[in-house]
Amino acid sequence: MKKHISFPSIEQFRNIVTNINREHNFIGLDENGEAIYDTSRPKPVLTFKGTVKLHGTNASVCYNKENGFWAQSRENIITPERDNAGFAFFANTKIGTFMGLMNVIHLKENITTSDNTVTIYGEWVGKGIQKGIAISNLEKSFFIFGVKITPHPKNEEDKPVSYWVDYSYLKSPENRIYNIDDYKTYSIDIDFGNPQLSQNTIIDMTIEVENECPVGKAFGYEGIGEGLVFSHMTKNGKYYRFKSKGEKHSESKVKTLKPVDNEKINKIIDVVNRVTPAWRLEQAMEKTFDLMNGGSIDIKKMGDFIRNVVADIHKEELDVIAEAGLEPKEINSKVSEICRGYFFTEMNKEVGLN
């Protein structure tokens, strides 16, 4: 039986920051099955590739040996009789071409289509699909932006995990099947310890695409673009993706990123590093948990520990904060982050994990 294999929702930047930091901080489960996080672990620096976000409709084609070939919209299996903007009709008229691409994938990835379903995802764009953008002048075309392998379960208990593979070589321009990687791409290294420092660069890249769509320009059409999709694929085939759209597309659910003051952010980082020396954190830890007299670190009192550090900084370091042109409330969030990292490091030492 054919089964719809959906393309995941693309997150916004703030969601990706939260998700990556949570996953990176996760170290296991406690005896009650509750997640344990170590916020003292250094945050990763990951390279994200930005590709042009095309304003059309999500489409895909699937194949496995048992069920054959089928086309999909974002939410449904579609046919030429029950179509979505004509994509199923297009896919079925180009079935030989798509099957050729499928064969290349299963040979390159060394898989069988008896045990796996291969899905090629892309954006179906062109005349009559969306309006007001450069690519709306194109004849209807399919731009590939992802390939997923879905292993079949071996039994009822088996729950295999789908994974993503390289798609950069897939295309058939003579059949109006293109690859988004063949057009201008962008690259950015994001430090997830200080992700806000990347925000202005992401905005600049997005505005460039919005002012003139690189894909439309490649086909000889001038006009605006929608924005960018930034992606990072891990070694085990997991994707992190987030989207960035310009103000001209702000009527959608996607909130546009706002510029940030990088100079101010760097000032905050510098001041926080100066006012949270190890001795201050040690002093607050002793005050909170009375460690010299047999007390022990209790995660329920982590908030008290942070408040003690903040209070001491406000008492002793106001001149340092003022000299940097900042206010105490502007550094509190970063101070709390440093405190949480120190807290978990010390707690782990106490129970023998470090």
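Scanning the stretch 273-307 for residues that are of a type in the set (Val, Ile, Thr) and either loosely packed, with under 13 Cβ neighbours inside 10 Å or at positive phi (or both) gives a single hit, Ile299.
For the stretch 132-143, the criterion of being closer than 27 Å to Glu66 by Cα, in contact with a Lys or Arg (Cβ under 7 Å, 6 or more places away or on another chain), surrounded by 16 or more Cβ atoms within 10 Å (Cβ to Cβ) and in contact (Cβ under 8 Å) with a residue 24 or more places away in the chain is satisfied by at least one residue.
In summary, helices (runs of 4 or more DSSP H) completely within the stretch 265-354 and bearing 1 or more residues that are under 25 Å from Tyr37 (Cα atoms) and modelled with pLDDT of 90 or more occur at 278-289, 302-316, 328-350. Quick check, is Phe98 within 18 Å of His4 (Cα to Cα), at pLDDT 95 or above, assigned by TED's automatic domain parsing to the domain that holds Lys184 and not basic (Lys, Arg)? Yes: the conditions hold for Phe98.
Among the residues of the stretch 7-28, those that are surrounded by 15 or more Cβ atoms within 10 Å (Cβ to Cβ) and either more than 18 Å from Phe48 (Cα to Cα) or aliphatic (A, V, I, L, M) (or both) comprise Phe7, Ile10, Ile16, Val17, Ile20, Asn25.
The values are calculated or read from the model by the stated rules, or taken from the named source; none is laboratory data. Computed from a prediction, not measured in an experiment: that's the story for all the values here. As a convention, Cβ positions derive from the backbone with ideal geometry for all residues, glycine included, and neighbour counts pool all protein chains shown.
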